[in-house]
């Protein structure tokens, strides 16, 4: 040890030159301070003990002995050792703090560089290889791996020799950070608040256990930014797709109207001829079915148009019961496979409504009940007045609706998972019906009653005020 050699050399020189005790003590303290600056506290303490032994053996009487005859010399030696140890401790502590400050400064520079470069990464690349490359280059890691919990996807930059991808995935599953200093591996879970959204792993770090938590925060922010970008892009794509679907429905409905009108005109001409009874029956059947298809096409066209536009109903006092009866009669005349029961709790109930719009909403509910009910089952319609609202309920028994779908069936183009491949439909009917109810100041909700296969839709509208208080009421 160099410091021990320096103490021995100073002892030899001091003996040759006959230095006094005070001079020797100062020289020894100088060596001890230098040792504290260069080495750790343990090595400095060993030098202190060696210097105290040399001072006692060579300079304090009796000479060449570790015994001390004068009690004052014992006190002087004790004070020397204490001062030397205190100085050693303080100098070592200052040196350690300086090293920590330097390390923190390096980490701050790395954090700044990572943050600066992450800002430059575009939103569509922030969760992929470009982000990992930033961390790998700034931290000097051999490989960096990112696990995205929302997609269960692993992204890797660099070459891993220790299965970093699996270690990162397992850290997310376990929900805890891991450090393996022997392999230079460190894995951190990425959290936003209390929610873990993924994990990031590093391989080949010089000091993996000293990885600051701020790097995890930056990685979590980058991952959240990537997830938000994907969600916004998906929502924008879905909105654009809905616009295209509505436009297609509109175009198809228009294309159907012309040939249907032509067929009806031709049937009218055929009926004017002298026909056999069987031919008349066939002509009646064709005319009936074409008329029904024409009504369906008109409804589809209007539904598609209402889906795109903001509804502004022209409200007039409408007697709800005759309107309901007319819609029900229209369906009963077309199908005899369902039993329909109507219940009224009043002879006449008026409500401010746009008659064509309300007719369409009721048609959608009846169409939904006939379409999804079982053959031979009962469809119930009830009209009653309660708490300032007129409530029209339409119930049927048929395909059950899963609890997590009871709100989604009102979304545009959404159809239940159990029926989307069994029964044709566009997924617009209930959406437009609820839109119409909301435009009237009312609501449309689904309530499950009794058996799991029975569903009831409740359409609620404010009762008639004859135009005195409603600014949308038309004369």
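The values are calculated or read from the model by the stated rules, or taken from the named source; none is laboratory data. Here the structure is a predicted model, which is why all the values come from computation and not from measurement. With ideal geometry, Cβ positions are generated from the backbone for all residues, glycine too; neighbour counts draw on all protein chains shown.
Report whether or not residue 141 is part of a helix (DSSP H, G or I) and in contact (Cβ under 8 Å) with a residue 12 or more places away in the chain.
Spelling it out, it is not the case that residue 141 is part of a helix (DSSP H, G or I) and in contact (Cβ under 8 Å) with a residue 12 or more places away in the chain.
Which of the residues that make up region 97-133 are within 18 Å of residue 165 (Cα to Cα) and in contact (Cβ under 8 Å) with a residue 12 or more places away in the chain?
127, 128, 129, 131, 132, 133
Can you give me the number of residues within region 291-328 that are at pLDDT below 85 and part of a helix (DSSP H, G or I)?
So the answer is 18.
Can you report the number of residues in region 6-22 which are in contact with a helix residue (DSSP H, G or I) (Cβ under 7 Å, 6 or more places away or on another chain) and surrounded by fewer than 19 Cβ atoms within 10 Å (Cβ to Cβ)?
2
Being surrounded by fewer than 11 Cβ atoms within 10 Å (Cβ to Cβ), at pLDDT 75 or above and over 18 Å from residue 125 (Cα atoms) narrows it down to one residue among 279, 240; which is it?
Step by step, each of 279, 240 is checked, and only 240 is surrounded by fewer than 11 Cβ atoms within 10 Å (Cβ to Cβ), at pLDDT 75 or above and over 18 Å from residue 125 (Cα atoms).
Here is a check on your reading of the model: is residue 3 buried (at least 16 other Cβ atoms within 10 Å of the Cβ), at pLDDT 75 or above, over 30 Å from residue 206 (Cβ atoms) and touching a helix residue (DSSP H, G or I) at 6+ places or on another chain (Cβ under 6 Å)?
No: the conditions fail for residue 3.
Mind checking which pairs have a first residue in region 54-79 that is closer than 22 Å to residue 3 by Cβ and not assigned by TED's automatic domain parsing to the domain that holds residue 8 and a second that is surrounded by 11 or more Cβ atoms within 10 Å (Cβ to Cβ) and at pLDDT 65 or above, Cβ under 8 Å, 6 or more apart or different chains?
none
Please work out if residue 193 is assigned by TED's automatic domain parsing to the domain that holds residue 141, modelled with pLDDT under 85 and out of contact with any strand residue (DSSP E or B) (no Cβ under 8 Å at 6 or more places or on another chain).
Criteria met by residue 193.
Could you please find all residues in region 4-21 being in a helix (DSSP H, G or I) and closer than 15 Å to residue 55 by Cβ?
4, 6, 7, 8, 9, 10, 11, 12, 13, 14, 15, 21
Given the criteria under 18 Å from residue 221 (Cα atoms), modelled with pLDDT under 85, crowded, with 20+ Cβ neighbours inside 10 Å and not assigned by TED's automatic domain parsing to the domain that holds residue 220, does residue 108 qualify?
no
Which one of the conditions (1) loosely packed, with under 15 Cβ neighbours inside 10 Å; (2) at pLDDT 80 or above; (3) in contact with a helix residue (DSSP H, G or I) (Cβ under 8 Å, 6 or more places away or on another chain) does residue 210 fail to meet, given that it meets all the rest?
(2)
For (1) crowded, with 18+ Cβ neighbours inside 10 Å; (2) assigned to a loop (DSSP other than H, G, I, E, B), each residue gets a yes or a no:
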{"site": "125", "(1), (2)": "no, yes"}
{"site": "173", "(1), (2)": "no, no"}
{"site": "176", "(1), (2)": "no, yes"}
{"site": "186", "(1), (2)": "yes, no"}
{"site": "189", "(1), (2)": "yes, no"}
{"site": "200", "(1), (2)": "yes, no"}
{"site": "214", "(1), (2)": "no, no"}
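Which of (1) in contact with a helix residue (DSSP H, G or I) (Cβ under 6 Å, 6 or more places away or on another chain); (2) at pLDDT below 80 is the odd one out, the single condition residue 406 does not satisfy?
Here residue 406 clears every test but (1).
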